[in-house]
Amino acid sequence: MGWEELEERVRRWEERMNPEQRRAAEAIVRGWNEAGEGGFLLPIVDGPPGTGKTHVAAVGCAKYVLEARGRGEPEVAYLCKTNFACERAKQILLEMGFTFYPPSTTLPDAPLAVRIKAGEQAEQWEDGVVGWDNMSKLDEDFLKMHHILLVTVDSARKVHRMRRNPKMVVDEFSQVNAMDFFAAVERVCGAGGEQAPLLQGLALLGDPLQLPLVTTQSELRTNILHYLECLFHSRTLPRHRLKKQYRMNRVICEGVNMIREKAWNTYRLETAEEVANRRFEANLPGDLPGGIREALDPDHPLVLVDTSDLGDERRGFGQVAGDCSVSNPAEARLATELAWAAMRGTNPKEVRVLTPYSAQVRAIGEGLEKLAGPVGREAVSTVWRAQGQEWPCVIVSLVRSNDDRRLGFLGDEILKAQLYVAVSRAQAKLVVLAAHKRTFEGHKDMDALWETPGALKLRGKDLCR
């Protein structure tokens, strides 16, 4: 793969992008190119679920590398909060035309990108990933020749030995708080008591409504964008907004829009024509109870199940010893039955159960493991861990069910984004289990979702055997 091939592929990618995506990618390149000595420009891309923000970042990085090549070796540090996001960005860059080369006698004149990951063996160099542990001088020399280095925010210090003052991308900034952000900048630009040069190029990409770090320390929940807006006394810093989504069926997207509009008072998403009628194609077993079959009917992309009549929540333990959490046994059994029915009708990896509570993850995981083996346990996770990912079929268990309407952290002003994140992971089928009438009614985000046009509403007891 060479420079001409990269240029041609970037051109084709740009042709497929919508105008908002093209403007956002161009803003990254323009911001970086115009950041002079001591300058600091901040392109911010506001990219809700499914709007292609990582593709925008990849195109922006590629265009910058192409344009800056004549001015010397372009250097970009691409930072993500999670390993999943880092791997996704790397795959897009490789598809776009970047390549990687392990230590050898010659290094081609080509666009190079590689991911640095802790704990890997350096001599592997497999799939564009190089391990940091026990890295040799030869490995370091070859890394320095790569134009884009991808690392997690927590591993940002690894970039400093390879790059003196690179342009910097922070993907999924909503998961990066101010403390982690400035620590990463310091690690990338200078360390070890050295005089750190000013960062001359930075781009933030993400959805401000996504979940921050889940912690009891509220001061650590503020993501870097909200921190900067407070710092500059600005209610909203200028952003490049991506409005067209390419993930969700239009009815599911309407549910997301109801939450965005009524609970968050922000702009609506448009659904791309190619996904508007996306269907969950599953050959459902013939022995399913009528209620389960109705809930999984592909003709109903969004199903809202009121579990008020199924039972109470209870205190429980999560997957880590001493992790006190909340579970709902009756709702867990229903989520397990729905997931198992869906998994029997399609590729099990296309079905995911999401819940805010680790105790519920444990309960559902144990139930699915008995039915489906290891793939069953892998089919359930917390909502926070699901950020940045998507599945054809998503079942959400919100757990809380009590007459006092206690929501715990689900009622927190920031952490209530659990619902928004959970429902926006689904591509074609979304089933939400919640004790709406008993516990959640009266809360803006849940009421907004429950009013979604086109949603099928069922009662929990109608789905039980």
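Against the definition (part of a helix (DSSP H, G or I), closer than 16 Å to V432 by Cα and open to solvent by less than 30 Å² (accessible area, probe 1.4 Å)), how does V305 come out, yes or no?
No; evaluated as a whole, the condition is false for this residue.
G388 versus (1) within 21 Å of N249 (Cα to Cα); (2) at pLDDT 95 or above; (3) touching a Lys or Arg at 6+ places or on another chain (Cβ under 8 Å): which is the lone unmet condition?
The failed condition is (2).
In region 71-95, which residues are out of contact with any Gly (no Cβ under 6 Å at 6 or more places or on another chain), more than 17 Å from Q387 (Cβ to Cβ), open to solvent by less than 20 Å² (accessible area, probe 1.4 Å) and not β-branched (V, I, T)?
Selection gives P74, A77, Y78, L93.
Out of region 86-97, which residues are under 15 Å from K167 (Cβ atoms) and in contact (Cβ under 8 Å) with a residue 60 or more places away in the chain?
Matches in region 86-97: A89 only.
Quick one: would you say D297 is under 16 Å from R459 (Cα atoms) and open to solvent by 50 Å² or more (accessible area, probe 1.4 Å)?
no
In the set V383, V421, V399, which member is in contact (Cβ under 8 Å) with a residue 12 or more places away in the chain and at positive phi?
Step by step, each of V383, V421, V399 is checked, and only V399 is in contact (Cβ under 8 Å) with a residue 12 or more places away in the chain and at positive phi.
Out of E219, E126, E194, report the one residue that is touching a strand residue (DSSP E or B) at 6+ places or on another chain (Cβ under 9 Å) and either modelled with pLDDT under 65 or among the aromatic types (F, W, Y) (or both).
Checking each option against the conditions leaves just E219.
Do you know which of the residues in region 308-322 that are touching a helix residue (DSSP H, G or I) at 6+ places or on another chain (Cβ under 6 Å) and either at pLDDT 90 or above or in a helix (DSSP H, G or I) (or both) is nearest to M258 (Cα to Cα)?
Residue satisfying both the conditions and the ranking: S308.
I'm trying to understand the selection: among the residues of region 328-350, which are open to solvent by 20 Å² or more (accessible area, probe 1.4 Å) and over 21 Å from T307 (Cβ atoms)?
R344, T346, N347, P348, K349, E350
Residues that are over 21 Å from F84 (Cα atoms): find the helices (runs of 4 or more DSSP H) completely inside region 344-447 holding 3 or more of those.
Answer list for region 344-447: 358-372.
Mind listing just one residue for me: the one in region 96-123 that is surrounded by fewer than 17 Cβ atoms within 10 Å (Cβ to Cβ) and acidic (D, E) and, of those, modelled with the lowest pLDDT?
Ranking the qualifying residues of region 96-123, first place goes to E123.
Six or more apart or on different chains, Cβ under 9 Å: which pairs go from a residue in region 63-85 that's within 17 Å of R115 (Cα to Cα) to one that's open to solvent by 40 Å² or more (accessible area, probe 1.4 Å) and assigned to a strand (DSSP E or B)? Could you list them?
From region 63-85, the pairs are N83/K117.
Counting only residues that are under 17 Å from P329 (Cβ atoms), aliphatic (A, V, I, L, M) and more than 24 Å from the chain's Cα centre (by Cα), which one in region 368-389 is most open to solvent (accessible area, probe 1.4 Å)?
Taking the candidates together, the pick is L371.
State the number of residues belonging to region 25-70 that are open to solvent by less than 30 Å² (accessible area, probe 1.4 Å), aromatic (F, W, Y) and modelled with pLDDT under 90.
1
So is E261 acidic (D, E), at pLDDT 75 or above and not in a loop (DSSP other than H, G, I, E, B) or not?
The answer is yes for E261.
Can you find a residue in region 3-24 that is open to solvent by 40 Å² or more (accessible area, probe 1.4 Å) and at pLDDT below 90?
No, that holds for no residue.
The values are calculated or read from the model by the stated rules, or taken from the named source; none is laboratory data. From a predicted model like this one, the values you see are computed outputs, not experimental measurements. Positions of Cβ are backbone-derived with ideal geometry, glycine not excepted, and every protein chain shown enters the neighbour counts. What goes into the accessible areas is simple: the full protein's heavy atoms, side chains included, and nothing from ligands, DNA or RNA. Shrake-Rupley method; radii C 1.70, N 1.55, O 1.52, S 1.80 Å.
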